[in-house]
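Read-outs: derived from the displayed coordinates by stated rules, not from any lab. Given the structure is predicted, the values throughout are model-derived calculations rather than measurements. Cβ atoms come from the backbone with ideal geometry, glycine included; neighbour counts cover every protein chain shown.
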Number of protein chains: 2
Amino acid sequence: MITVLRLNHRAARDKRITTHCALVSRAFGADEMVYTGERDQSLEKSVAGVAANWGGSFCIRHERSWKPELKRKATRVHLTMYGEPLVEVIPKLPKTGDIIIVIGGEKVPWEIYRECDYNVGVGNQPHSEVSSLAVFLHEYFDGKELDREFDGAKLRVKPSPRGKNVEKLGNL
Amino acid sequence: MITVLRLNHRAARDKRITTHCALVSRAFGADEMVYTGERDQSLEKSVAGVAANWGGSFCIRHERSWKPELKRKATRVHLTMYGEPLVEVIPKLPKTGDIIIVIGGEKVPWEIYRECDYNVGVGNQPHSEVSSLAVFLHEYFDGKELDREFDGAKLRVKPSPRGKNVEKLGNL
């Protein structure tokens, strides 16, 4: 089970970034996203809508605090531009068992750096939690996540060199 | 020269996503980002500020239309969830010469699909232009972009397993 833990969502400011984080989580093979900060039902609805149409069992849920989540038995990885190189950490991660991937908002509490098993930099330049998460999962799954089929999809893209080709497999 | 062409920026709605696209462009080895849609000086200022502190020669500029840009002699790649698999396209791309990577806003004109040399799907699930761009560049540069040094940086991260370690190399 791979959980993405998104810290400190602010409904007004972060809606699109957090939505993109959730869609990346799903598309790149995570099982769920837990978020803290403000509860945001429109975020949840929008992510659930994508999952309903495009398949799979990805879900998103809100928690008031990240603390109980990080107490779970799991390998806890915090993505931060200050962390150790991705290529050094990926081989150390277990291929089975639970992984929690923590991605920050603006101010990440110091306890996160301390309590996680790994602080990992997807490079050490400023960019985005969306890209960090995608490249981390892409490396963790060795690119195979992009070929994954999603059970129960109502829509499926047939890859095309020109234009859009979408199969409808169920009622939207 | 690698140019990222971001279509149809809307200053209010897209500011953070476009900023993240620009930071990903820079961090993952592109040379510039051209954007169309609304001119947004706060976007430009924020990206220029990052580039000034963290080094390199990345720049961002606004153009009124994408059309002249796509007429340039370059390999033109459009990132879209409807496109051909990334792993099939990457080996076909030239390792030298100019590449323009087009990333959409909401509604991408049909001419983009037609005029680009490649329409490439970073997977065929909905996720984000931020993640598509990062994974595309990560594959194009074979991961080496994450080790790149940025000339003239005033700040440099020393990767650390715990906490933040930033060297100050110049006046901010």
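Computed on the Cα trace of segment A:1-78, the radius of gyration divided by the Kirkwood hydrodynamic radius gives Rg/Rh = 0.94. Would you mind checking the tilt of helix B:129-140 against the longest principal axis of the Cα atoms of chain B, expressed as 0 to 90 degrees and rounded to 10? Around 80 degrees separate the two axes. Taking label points 7 Å from Cα along the Cα-to-Cβ direction, B:SER57 and B:LYS92 give a separation of 3.1 nm.
Between copies, A:GLU38 shows label-point distances of 1.9 nm, shortest first, with the point placed 7 angstrom from Cα along Cα to C-beta.
Legend: residue pairs A:LYS95/B:LYS95; A:LYS144/B:LYS158; A:LYS73/B:LYS158; B:LYS15/B:LYS154; A:LYS92/B:LYS154; A:LYS107/A:LYS144, Cα-Cα distance threshold 27 Å; pairs beyond threshold, A:LYS95/B:LYS95; A:LYS144/B:LYS158; A:LYS73/B:LYS158; A:LYS92/B:LYS154; A:LYS107/A:LYS144. Of interest is the spacing of the C-alpha centroids, which for segment B:90-109 and segment B:39-86 amounts to 11 Å.
Sort A:SER160, B:SER131 so that the residue with the fewest other Cβ atoms within 10 Å of its own Cβ comes first and the one with the most comes last. Numbers along the way, then the final one.
Working: A:SER160 17, B:SER131 29.
So the residues, fewest neighbours to most, are A:SER160, B:SER131.
Computed on chain B, with alpha-carbon pairs under 8 angstrom and 6+ residues apart, the relative contact order is 27 percent. Output the 0 to 90 degree angle, nearest 10, between the alpha-carbon long axis of helix A:41-54 and the longest principal axis computed from the alpha carbons of chain A. So the inclination is approximately 50 degrees. Computed over the alpha-carbon pairs of segment B:2-146, the distance histogram in 5 Å steps reads 2, 10, 21, 25, 22, 13, 6, 1 percent, short to long.
Loop-located GluC sites (Glu not before Pro) in segment A:78-172 (DSSP state not H, G, I, E or B) with no more than 10 neighbouring Cβ atoms inside 10 Å: A:GLU106, A:GLU149. Across the identical copies, the label point of A:ASP98 (7 Å from Cα in the Cβ direction) is separated from its matches by 5.2 nm, in order from shortest. Between B:ALA11 and B:LYS154, the contour length at 0.36 nm per residue exceeds the Cα-Cα span by 48.6 nm.
Looking at segment B:115-172, the trypsin sites (Lys or Arg not before Pro) that sit in a DSSP loop and have at most 16 other Cβ atoms within 10 Å of their own Cβ are B:ARG148, B:LYS154, B:ARG162, B:LYS164.
Given R₀ = 30 Å, FRET efficiency for A:GLU38-B:SER65 by Cβ-Cβ distance, to 0.05? Walk me through the numbers before you get to the answer.
Details: r = 39 Å, r/R0 = 1.30.
After rounding, the FRET efficiency stands at 0.15.
Pairs of alpha carbons in the protein assembly as shown separated by more than 28 Å make up 40% of all such pairs. Annotation: the antiparallel percentage among DSSP beta bridges lying fully within the protein assembly as shown is about 10.
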